[in-house]
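**Q** Please read through the structure below; I'll follow up with questions.
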Amino acid sequence: MAQPPPQGGPPPMQMQPGQQPSPEQIRQMQAQLAAEAQKAGMTVPQYVEKLKAQAMQQHQMRQQQAQQQQAQGGQHQHQHQQGAQPGQQVPIQPGPPKPEALAVAKFLQSQNLKQRTCIFQEKRKDMFKVKRALRALHSDAYKKARSKNPLLPEVKDRVTAENAFKLLPLSLLALRVSKVDPHEGHNHGSKGGKKRVKGLWTVKIEQQQEARDEYHYVWLYEGAQWKNKLYAAGALFLILAVVFFPVWPYHFRLGVWYLSMAMLGVLGLFFAMAIFRLILFLITMFTTPPGLWLYPNLFEDVGFFDSFRPVWAWHEDEKAMKKRKKEERVKKRAKKEGKKDEGGEPNISEPVTASATGTESVPADGKVVVQQRNLSARVEEVEDE
């Protein structure tokens with residue numbers, strides 16, 4: 001900081017902002033600077049460098065004080081969030097994973113949340129509904145788990161359950177998502193593109209991470225990675241085994257050779273069977289239409305044993321396939337209705353006593369027979385989206 005001018009020296013000059021000093025003022029400033037430098041025992045250039053260093057040091061000190069004030073303000077805000085009173089909802093501000101959030105995530109992943117698979121950022125993730133997570137937090141299993149793990153927060157009512165659930169988005173372990181159309185903004189329509197797989201959503205993250213019953217959340221927490229580590233170790237072992245194959249014992253190498261020849265034989269048999277069934281279908285398509293397929297489910301998305309059942313079947317066009325599926329649905333519906341009738345519901349063909357829902361029919365002998373109609377409402381089971 002510049003020292004005050006000596007007694008009897010010219011007073012410090014004050015100029016308005018933007019005003020240029022006159023030549024006389026410049027000479028006075030130079031004389032004042034030379035007097036202060038002589039008083040400090042320095043030359044004018046040395047005194048100017050000293051003033052620059054002092055100004056730089058003061059600027060750094062002001063910056064450090066501003067950073068300390070910002071850090072203290074963030075700490076007070078975090079303490080305010082931690083000290084939220086019971087019954088008051090905590091606002092969601094993402095941060096690093098907390099031990100409490102990891103404990104809640106591990107507990108919820110061990111429960112049956114009826115998770116479904118979705119597509120998030122071109123990857124398959126597990127998705128669940130908020131109401132099932134809150135139901136799990138209110139269950140006896142959570143109380144039992146909390147008695148063993150003190151990190152799990154206490155859940156007494158709906159608000160405390162929501163605050164415990166909000167630990168997941170706070171630590172970026174699970175985020176709220178919504179369904180989005182992957183073909184949105186493209187020229188082709190739903191008919192021209194691929195059909196959506198039932199139950200497989202393409203989702204995106206929502207900005208408002210609320211905890212309502214009907215909202216969906218996607219898991220970002222993958223849990224313990226011991227399976228992936230085990231797979232990586234197995235892959236490394238296989239690579240090393242292949243690399244060191246020449247130094248294997250003779251009997252091991254001979255066994256691997258026989259095994260590889262057997263696998264090639266099975267693969268060749270499969271291709272031969274596929275070619276034979278195609279030739280058989282082409283022949284029977286002209287001789288006995290609509291054609292015969294050997295192992296019709298061979299290339300279908302079914303299990304290994306189901307691929308070879310049935311052994312043969314006639315070829316079905318699109319109309320016949322729709323008709324067959326419709327008949328199967330009718331049979332399933334009739335089977336369900338039969339089970340309901342066996343459970344105690346009245347049959348429409350049984351004569352019962354007169355009621356407001358019955359209709360009278362008068363036969364020749366004069367007896368009145370009342371048949372009750374089954375007018376009970378039927379609710380079709382709809383898959384929960």
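Here, each number is a calculation from the coordinates, and none is a lab measurement. These numbers were taken from a predicted model, which means no experiment stands behind them. A quick note on method: Cβ atoms are made from the backbone with ideal geometry, for glycine too, and the neighbour counts reach across all protein chains shown.
**Q** If Lys and Arg each add +1 and Asp and Glu each add -1, what is the summed charge of the other residues whose beta carbon sits under 12 Å from the beta carbon of D317? Before the final figure, lay out each step's value.
**A** On the way: positive: K319, K322, K323, R324; negative: E316, E318.
Counting the neighbours of D317, the net charge comes to +2.
**Q** For an R0 of 41 angstrom, estimate the FRET efficiency from the Cβ-Cβ distance between K319 and N228 and round to the nearest 0.05.
**A** On the way: r = 48 Å, r/R0 = 1.16.
FRET efficiency, K319 to N228: 0.30.
**Q** With the cut-off at 20 Å, tell me which of the pairs K143/K166; K98/K229; K166/K204; K123/K179; K98/K204 have Cα atoms farther apart than that.
**A** On the way: K143/K166 18 Å; K98/K229 24 Å; K166/K204 18 Å; K123/K179 15 Å; K98/K204 24 Å.
Over 20 Å apart, Cα to Cα: K98/K229; K98/K204.
**Q** Would you mind getting me the FRET efficiency between V159 and Q121? Use the beta-carbon distance for r and R0 = 45 Å, nearest 0.05. Working shown, then result.
**A** On the way: r = 32 Å, r/R0 = 0.72.
My answer for the efficiency is 0.90.
**Q** Another question, then. Relative to a virtual label point 7 Å from the Cα of E214 in the Cα→beta-carbon direction, which members of segment 131-160 show backbone nitrogen distances below 20 Å?
**A** Flagged as within label range: 131-135.
**Q** Same structure again: What does the charge count around V104 come to, taking other residues whose C-beta lies under 11 Å from its C-beta (Lys +1, Arg +1, Asp -1, Glu -1)? Let's see the in-between values first.
**A** Working: positive: K98, K106, R146, K166; negative: E100.
Surrounding charge for V104 is +3.
**Q** On to the next question. How far apart, in nanometres, would the label points at V311 and L264 be if each is projected 7 angstrom from Cα along the Cα-to-Cβ direction?
**A** In this crude spin-label approximation the distance works out to 3.2 nm.
**Q** Something else now. Counting Lys and Arg as +1 and Asp and Glu as -1, what is the net charge of the other residues whose Cβ lies under 9 Å from the Cβ of Y295? Mind dumping the intermediate values first?
**A** On the way: positive: R277, R309; negative: none.
Result for the neighbourhood of Y295: +2.
**Q** On to the next question. I'd like the distance separating the alpha-carbon centroids of segment 271-325 and segment 120-134, in whole Å.
**A** So the two Cα centres are separated by 39 Å.
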